[in-house]
Structure formats: C-alpha cells, structure tokens
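Asks: Got a structure here, written out as structure tokens. Questions coming.
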Amino acid sequence: MAGRHVWAQIEDGIVTVGVTAPLGEVLWYTPDVEFWAVDRVDVGETLATVQGRSGRTVAVGSPVRGALVELNPLLRRAPHALLAQPYGRGWVARISADRWERDEAAMVPARAYRKILDADLALGREFCFGGALLAPRPAEPEEPAQAAA
C-alpha cells in the first residue's frame, strides 16, 4: 500500500501530504524525488517516488482522493527537506480533497501509527517498510558496441 507511511493535514479544504519521519530509515540522505501525480489522484495512487537505500524506490501514495493543487517545488532543489523537515517544509503535495471525512476515517491516527510501527519494526525493517518499498531499479543496459562497416 503506497500510502502507508504518509501523513495528511487539512486546512481550508486543502490537504497537505508528506512522509512520516520513520520512513527516512529507508531513504538516502539526499534522495532523488520524482513526481508522478499530474491532475487528479485517488487514495493509494503514487504522488512521487523517492530513492531508497539498496537501490530500492519508495512510493509516496496519496491518502486522499482529489484534485492536485501543488507539488512541493522545494523538493526539486532541496530534496533532503523530505527527511530533515518531514512535517514542515518537506511536504510532498497539496490536494483539494473530494471526500475528506471519508478518507480521514480510513487513516490511522498518529498514536496508533506509532504502536503499529513499533510492532512492525520488531519484525524487521523490510516487514515494516515493505509496503512502501518498490523493487530495486534495474541496471541500465549497456549499449552493444557498433561494428565498423
């Protein structure tokens, strides 16, 4: 589930979405952030992918359905803000939610998230963060040498 390690906060009908601080455990210090969302998103759809450790990629999923208002421009020039300020300037996207009350009801409150996280971490990082991690990126194929004619 792509939206497992994200947070959401609403203000004036706009939901700000970011990654939780514990997800930083599987990210590089200066991660490459690639935005995927364009216009509208549904719950669980990928907003962005972030370079993780061991060549893995972390999918940042949307916890709400709605129209994309903004992707964080700061992450293009200072991607480390995703880790250094995950609940502040390191947010990922802002979305005008179609059905906030319904989507919020499906989210895990912060205290419950911490309990789940602690239990999952006892089983290992792969188990805990596996829902956010995608397969390692395949190596770029080398171009075959051209024979001279």
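Asks: State all residues of segment 15-30 that are at pLDDT 80 or above, surrounded by 21 or more Cβ atoms within 10 Å (Cβ to Cβ) and either assigned to a loop (DSSP other than H, G, I, E, B) or under 11 Å from the mean Cα position of the chain (by Cα) (or both); if no residue qualifies, say none.
Replies: Passing the criteria: Val17, Gly18, Val19.
Asks: Taking the conditions exactly as written (out of contact with any Ser or Thr (no Cβ under 9 Å at 6 or more places or on another chain), touching a residue at least 60 places away in the same chain (Cβ under 8 Å), over 18 Å from Asp12 (Cα atoms) and not acidic (Asp, Glu)), does Gly61 satisfy them or not?
Replies: no
Asks: Also, quick follow-up: Being within 18 Å of Val6 (Cβ to Cβ) and either among the hydrophobic types (A, V, I, L, M, F, W, C) or assigned to a helix (DSSP H, G or I) (or both) is the filter here, so list the residues in segment 31-47 that pass it.
Replies: Val33, Phe35, Trp36, Ala37, Val41, Val43, Leu47
Asks: Sticking with this one: I want to confirm something. Restricting to segment 31-83 and keeping residues that are hydroxyl-bearing (Ser, Thr, Tyr) and within 13 Å of the chain's Cα centre (by Cα), which single residue is surrounded by the most Cβ atoms within 10 Å (Cβ to Cβ)?
Replies: Looking at the filtered set, the residue picked out is Ser62.
Asks: Which numbered condition in (1) of a type in the set (Gly, Ala, Ser); (2) surrounded by 21 or more Cβ atoms within 10 Å (Cβ to Cβ); (3) over 23 Å from Val26 (Cβ atoms) is the only one that Ala93 fails?
Replies: (3)
Asks: Tell me which residues, restricted to segment 48-81, are among the basic types (Lys, Arg) and outside any loop (DSSP other than H, G, I, E, B).
Replies: Arg53, Arg76, Arg77
The values are calculated or read from the model by the stated rules, or taken from the named source; none is laboratory data. Just so you know, these numbers come straight off a predicted model, no measurement behind them. Note that we place each Cβ from the backbone using ideal geometry, even for glycine, and neighbour counts take in every protein chain shown.
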